[in-house]
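Data block below; observations after.
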Amino acid sequence: MAAAFARELGGGQVVVHSAGSAPGETLNPAVVEVMREKGVDISNEAPQKLTDEMGLHADVIVTMGCGDACPVYPGKRYLDWELIDPAGKSLEEVRPIRDDIEQRVVALLDELLTPNN
């Protein structure tokens, strides 16, 4: 969700990779649906494993509870967003998670894209 919002709201001003240290095989259908409600279609996306190339070329790495499983790339800025895992949750339970992620992405983009920050 974070990557989709960053792509959508970043207006082409940011390069975004969505990857995990242990990604699932498919997207959560509830996540796909709640994003569709916001006008963001992620139905053609697929979970990806984080590669060293992604990490080494990133300015900011946002983690979401991967703990020790997250690789560390020296000199990179890390943000760890503690979020409820939407796995197995209903649409009603996933919507507030989506909205929290959207607010965090908006704040991060504002920080990254505002001159003199």
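The values are calculated or read from the model by the stated rules, or taken from the named source; none is laboratory data. Remember, predicted model here, so these are calculated numbers, not experimental data. Cβ sites come from the backbone with ideal geometry, for glycine too, and all protein chains shown count toward neighbours.
A few notes on this one:
- Looking only at the stretch 63-102, and only at residues there that are in a strand (DSSP E or B) and touching an Asp or Glu at 6+ places or on another chain (Cβ under 8 Å), the one that is farthest from Glu37 (Cα to Cα): Arg77
- Qualifying residue in the stretch 68-77 (condition: acidic (Asp, Glu) and touching a residue at least 12 places away in the same chain (Cβ under 8 Å)): no
- When the residues of the stretch 1-19 are filtered to those that are within 16 Å of Asp85 (Cα to Cα) and in contact (Cβ under 8 Å) with a residue 40 or more places away in the chain, the one that is surrounded by the most Cβ atoms within 10 Å (Cβ to Cβ) is Met1.
- Criterion violated by Ala22 - all others in (1) within 25 Å of Leu113 (Cβ to Cβ); (2) touching a residue at least 24 places away in the same chain (Cβ under 8 Å); (3) not in a helix (DSSP H, G or I) satisfied: (1)
- Residues that are modelled with pLDDT of 90 or more, in contact with a Pro (Cβ under 9 Å, 6 or more places away or on another chain) and surrounded by 10 or more Cβ atoms within 10 Å (Cβ to Cβ) do not occur anywhere in the stretch 66-83.
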